[in-house]
Each structure stands twice: as structure tokens, then as C-alpha cells.
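Peer 1: Below is a structure I'd like to ask you about.
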Amino acid sequence: MTAPPLVDPAGGRSPAAGDGPDGGTPPDPSALHRTGRGSTVPLVDDLDPSQARPDPAADVVAIGEVPPVRRPVRPERRRLPDPPTDRLRAWLVTAGLALIGGLLRLWNVGQAADGGVGGSGSVPTPLFDEKYYAVQAAEVIRNGGIEDNQAFGVVVHPPLGKQIIALGEMLLGYNPTGWRISSVVAGTIIIALMVRVVRRMTRSTLVGAIAGVLVICDGVSHVQARTALLDVFQELFILAAFACLIADRDQVRARLNRSVADPDAFLPTRGPGFWRRSGERAGVALGARWWRFGCGLFLGLTTSVKWSGFYWIAAFGILSVVWDITARREAGIRTPVVAVIRRDLLPSLWSLAVVPIATYVASWWAWFASEDGWARHIFVADTENWTSTGLQKIAAVWHNSLWQWTWKMLDFHSSLLTPTNPADRHPWESKPWTWPIGTRPVLYYVSSGQSGCGDGRTDCIGRIFLIGTPALWWVSLFVAGWALWRAIGRLDWRYAAVLVGYGAGYVPWFFNLDRQMYFFYVTPLAPFLVIGISLVLGDVLGRARAGVEKRFLSVAVVAVYVGLVVANFIWLLPILQGDPITQDRLTAETWLPSWG
């Protein structure tokens with residue numbers, strides 16, 4: 001009678017006779033192992049009494065007796081694979097994509113301006129809201145870091161964004177290229193950060209490269225990186241804060257894993273007996289977490305550009321604490337919430353609350369040093385007209401000029417309402433429910449009577465629309481649904497992080513729907529949309545060791561989609577950067593009636 005084949009506990013078939021290297025007797029079953037996560041499991045030969053499987057009836061007891069209690073074995077949670085080892089190739093890919101995207105952002109960046117094209121003809125002037133920020137940046141240069149005191153509240157944002165624009169004007173002068181070169185640099189850094197963040201989240205250089213291509217081809221990121229507005233700097237700092245948060249998550253888990261493997265890797269808790277015992281129950285102290293500190297610093301810079309950065313401070317702070325709790329639970333801590341309160345809460349408050357606030361205050365350095373900056377020595381809670389009495393009361397709590405001026409800026413934004421008369425409304429205003437698929441863009445630039453769209457033609461026109469590339473933005477609702485399912489149904493932290501980052505900049509706009517709103521407010525959301533799409537494409541690609549047919553099909557699907565995004569972006573490029581085109585071409589590029 002032929003013995004049955006040996007069976008691998010993982011479900012595979014063990015070598016039988018004739019399966020050995022020379023076709024003879026297979027190796028000794030006791031020497032065969034299956035490698036698991038840090039362990040080896042010997043194969044079992046049912047015919048060998050010394051390797052007999054456990055008898056399932058061994059725990060059967062007589063009626064009335066208590067069966068033996070066995071400690072349950074907790075299943076190991078899903079973990080990402082180790083980081084890829086192609087570090088040199090990854091950096092080359094990052095640099096290459098950043099170079100390509102940077103050159104694309106820079107090409108003819110000074111071409112479009114109101115009152116002239118690139119300086120030819122009449123004197124060019126800033127377009128759209130550049131009329132505020134490019135001009136205020138010039139004032140920053142003239143006044144040593146602050147805007148002019150114009151005796152009215154036109155300064156409604158913190159100073160950092162305008163100071164960054166001023167750096168470009170200092171280098172290249174007060175001209176369209178000088179206004180926008182800082183935005184070009186910020187947009188280029190965003191591309192590099194995108195590659196690195198997605199590579200870390202997916203452990204795939206290929207998926208990171210795909211994310212870099214997608215953000216290059218995003219119409220919102222492209223237009224904002226070529227315009228002297230504040231939003232691209234907020235986009236940069238939010239993405240940098242998110243990158244630090246992801247790196248901190250990896251570092252925390254690495255330290256906890258090391259402490260479990262080597263209990264002597266960290267010094268024991270010192271102090272009185274009760275304090276030492278509570279520390280031992282809470283697990284090891286994680287030491288300095290510089291990535292988390294960096295996250296707080298960038299969140300502070302975000303708020304120093306626009307007040308709305310506060311939303312990400314709250315969202316990322318909560319996300320960090322939740323990740324700390326899950327990390328300690330996975331490390332075997334029985335009371336992870338108590339452990340985080342004992343070990344991580346105060347350092348988290350320092351890094352993600354105190355540091356951002358201190359950074360915001362420090363961004364007003366030039367205003368503190370001035371004597372004639374707007375509201376420098378005025379208590380606006382006592383002298384200015386306020387729309388919100390509640391905000392005025394909060395401001396009046398402390399007689400500090402910066403404290404009161406900060407709340408006065410918030411009062412301005414909360415009272416910037418949509419006119420009730422439709423005839424008085426801004427023609428390009430939109431509401432947040434239209435933003436995910438970008439049904440109402442913003443028109444930045446209009447020109448006519450140009451040449452350059454055909455031989456001898458002088459009736460060319462130019463437009464710059466802030467439009468999200470449809471191949472990216474029109475799938476946003478599907479991506480959101482998939483992300484919710486993965487985050488809730490599969491507890492995939494990567495999709496949860498994307499939802500938190502996107503929601504922090506999107507959901508708050510629904511609490512004041514009477515306010516004037518515009519599509520360019522989605523600029524900080526664009527990176528999270530790209531990350532979400534990249535994660536979905538990574539799921540489509542699957543594992544590199546999948547079957548040939550499955551791998552070929554998945555690569556083909558991803559390649560076709562990325563190709564469509566690139567082709568869509570190239571088609572829309574003329575109306576993303578104001579190139580001369582014919583009226584027929586403009587009609588062909590405005591896909592929706594609401595775009596016109």
C-alpha cells in the first residue's frame with residue numbers, strides 16, 4: 001500500500017518519492033521546514049509515531065468534567081513587507097520625475113499676465129488673486145518682512161506665503177516670472193515628496209513612480225504651481241507633514257518590534273514604585289520622535305500660510321494618537337489606551353499642538369519687529385467692527401494684538417458670504433459638493449487678438465482654467481468608496497490616512513455653506529486624491545510574484561489608465577497655461593457647459 005503524500009500545514013504538497021534532486025528518495029521529512037514570519041514549521045509525517053498529529057479527541061472529557069483550558073493564539077495582524085532595497089534606483093526615479101515635472105511647471109511660466117503677454121505690449125500685471133499676493137510680496141521686500149499698513153483689513157492671511165513669494169521677486173524682480181518662481185519650486189518639491197510618500201506606504205518604487213506621474217499630470221497642481229497664490233505652499237507643507245507622519249508610524253513600529261525582540265534594547269522605567277510599575281505595564285518609552293516633531297513643524301508652517309491649516313493639526317494629531325494605540329496593542333500591551341496616555345500623550349501634545357502654535361507665532365517675526373504694521377499696536381476687538389460677536393468676545397479675552405488680529409482675520413473669512421442676489425455673485429464661485437469632480441473650475445486668465453495658433457493668424461485666444469484633470473478627478477467618488485471599504489472592512493491604515501487627510505480639508509467647508517467658495521480651495525486635497533488613486537492602482541497590480549497571466553493583465557490595466565491620464569493632461573495643457581489657441585480648440589477643450 002502506497003503511503004499518502006506528506007502535507008504542508010500551509011496547504012501545499014510535500015515532496016514525494018521521485019521528487020528529490022536526483023529523482024530518488026526525497027529528503028527526510030523531519031528536515032523539511034516551511035518558513036513563516038520569523039519561525040519555521042516542520043512538516044509532519046502521519047505514519048511516523050514520533051511526528052503524529054495531535055489527536056482531536058484528546059481533549060474530550062467525561063460528562064461533568066472541565067476540559068483543559070488552552071491559551072488562544074492571537075493571529076498576527078497584516079503588516080506591510082519590508083521596505084524595498086532599490087534605494088539608488090528609487091532616488092534616481094524621484095529625481096528624474098521631479099526634474100521632468102519641474103521643467104514642465106517652469107516652461108513659459110511668465111507668459112500669461114493681465115495687461116500683456118510675457119512683458120510684450122503693455123506692462124504685465126498680476127492675474128486673478130495674484131493682484132493681492134504678488135503686490136503684498138513686493139511690499140514685504142520694501143518693508144523688511146511685512147505688508148503696507150493700508151488702514152483697512154486687506155491683510156487677511158498670515159505672512160509666510162507672501163514672504164515665500166517675495167523670495168522669488170528678490171531673485172528675479174517684480175515680473176511674472178519673479179512672482180511665480182517660488183510656486184514652481186514648491187510644485188517641484190511636491191512631485192518628489194509624492195514619489196517618496198507613496199513608495200513608503202506601498203513598499204513599491206513602481207507605485208511611487210506612478211504617483212509621481214499622476215501628480216505631474218494633475219491640472220490643479222500644475223496651474224497652482226505656475227501662479228503666485230498661497231495655496232500651493234499650503235499643499236507643499238501639508239504633504240510634507242503627512243510624509244513625516246507616515247515615517248513616524250514606521251519608526252514607532254520598528255522600535256516596538258525591536259523592544260519585543262530584545263527587552264534590553266530600552267532602559268527600564270525609573271522612579272517611585274507605582275510609577276515604575278505603570279511604566280512597565282505601558283511598555284517601553286519610544287524616545288525622541290523627530291519625524292513627529294517635523295510633522296508638527298510643517299503643520300505650523302501650513303497654518304502660517306492660511307488659517308485653514310488648523311484643520312490638519314486636529315486631524316493629524318488624532319490620527320497619530322490612534323496609530324500609537326494600535327501600535328502598542330500589536331506589540332502585546334494589554335491596555336494600549338492607558339499605555340499611550342502614560343507614554344505618548346504629552347509628547348504628542350508637544351509635537352502636534354505646541355510646536356505648530358509656536359511656529360505660527362514665529363512666522364510673525366517681522367510684524368513683531370515693526371512699529372507700523374497693520375494692527376501692530378491696536379486692539380482690534382475694541383476698535384474694529386466685527387461681524388461675529390462670538391469671535392469678538394473670544395478676541396477680547398486677551399489684550400494681545402496678535403491674538404486679537406488672528407481672530408479678526410477669522411471674522412473676515414466667516415463673514416465673506418455669497419450675495420443673496422444672483423446678479424451680484426462671483427461668476428466662478430462654487431460649492432464643495434461640486435469639488436470632487438470639478439464641475440465648476442475657476443477662470444484665471446483671458447486674452448484675445450494673439451498670434452501663435454496658426455500661420456498668419458491674429459485672432460488667437462488664451463485661457464487659464466483651474467481644472468482638475470478629468471481622468472483623475474472624475475474617479476474620485478469611486479476612489480472614496482473603495483477607500484472607505486478598505487479602511488473599514490479591511491482595516492487598511494493607508495486608506496484611512498488618505499481619508500483623514502482629504503476629509504480634513506474638505507468636510508469643514510460644509511459647516512458654512514453661505515460663505516463664498518472657489519475651486520482653488522481644493523489645492524491641498526489634490527495630493528490625497530493622487531495617493532488614493534495610486535493605492536488603488538497598487539491593489540490592481542497585486543503582488544510581483546502573481547501568476548504571469550494575472551500580472552500581465554494587471555500591468556496592462558494600470559498602464560492604460562496612466563496613459564489616459566497623461567493623454568488627458570496633454571490635451572488640456574493649452575488651457576492650463578494660457579497657450580494661444582483657436583476658438584474651435586477652446587470649444588473642444590471645455591468638456592462641460594459649466595466650464596465655459
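Peer 1: Checking the structure you have, find out if any residue of the stretch 117-129 is closer than 26 Å to residue 529 by Cα and either open to solvent by 10 Å² or more (accessible area, probe 1.4 Å) or modelled with pLDDT of 95 or more (or both).
Peer 2: yes
Peer 1: For the condition without any contact (Cβ under 8 Å) to a residue 40 or more places away in the chain and of a type in the set (Asp, Glu), what is the one hit in 147, 139?
Peer 2: 139
Peer 1: Here's another thing I want to ask about it. Among the residues that make up the stretch 134-156, is at least one of them closer than 24 Å to residue 575 by Cβ and either among the basic types (Lys, Arg) or modelled with pLDDT of 90 or more (or both)?
Peer 2: Yes: one or more hits.
This table checks each residue for (1) under 30 Å from residue 451 (Cα atoms); (2) surrounded by 18 or more Cβ atoms within 10 Å (Cβ to Cβ).
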position: 526; (1), (2): no, yes
position: 539; (1), (2): no, no
position: 543; (1), (2): no, no
position: 553; (1), (2): no, no
position: 556; (1), (2): no, no
position: 576; (1), (2): yes, yes
position: 588; (1), (2): yes, no
position: 595; (1), (2): yes, no
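Peer 1: Taking the stretch 492-503, which residues are without any contact (Cβ under 8 Å) to a residue 40 or more places away in the chain and either open to solvent by 40 Å² or more (accessible area, probe 1.4 Å) or hydroxyl-bearing (Ser, Thr, Tyr) (or both)?
Peer 2: Scanning the stretch 492-503 gives 499, 502.
Peer 1: Moving on. Say we look at the stretch 352-394 and pick out the residues that are over 26 Å from the mean Cα position of the chain (by Cα), among the hydroxyl-bearing types (Ser, Thr, Tyr) and part of a loop (DSSP other than H, G, I, E, B); which of these is farthest from residue 323 (Cα to Cα)?
Peer 2: It comes out as 370.
Peer 1: I would also like to ask the following. Looking only at the stretch 334-351, count how many residues are open to solvent by less than 80 Å² (accessible area, probe 1.4 Å) and outside any helix (DSSP H, G or I).
Peer 2: Summing the residues that are open to solvent by less than 80 Å² (accessible area, probe 1.4 Å) and outside any helix (DSSP H, G or I) in the stretch 334-351 gives 2.
Peer 1: Here are the criteria: (1) at pLDDT 85 or above; (2) touching a helix residue (DSSP H, G or I) at 6+ places or on another chain (Cβ under 9 Å); (3) surrounded by fewer than 19 Cβ atoms within 10 Å (Cβ to Cβ). Tell me which single one residue 331 does not satisfy.
Peer 2: (1)
Peer 1: Follow-up. Can residue 380 be described as within 18 Å of residue 146 (Cβ to Cβ), modelled with pLDDT under 95 and either crowded, with 19+ Cβ neighbours inside 10 Å or polar (S, T, N, Q) (or both)?
Peer 2: Yes.
The values are calculated or read from the model by the stated rules, or taken from the named source; none is laboratory data. Just so we're clear, the structure is a prediction, and the values are computed from it rather than from any experiment. Glycine gets a Cβ as well: all are built from the backbone with ideal geometry, and neighbour counts include every protein chain shown. Surface accessibility is based on the protein's heavy atoms, side chains included, excluding ligands, DNA and RNA. Shrake-Rupley method; radii C 1.70, N 1.55, O 1.52, S 1.80 Å.
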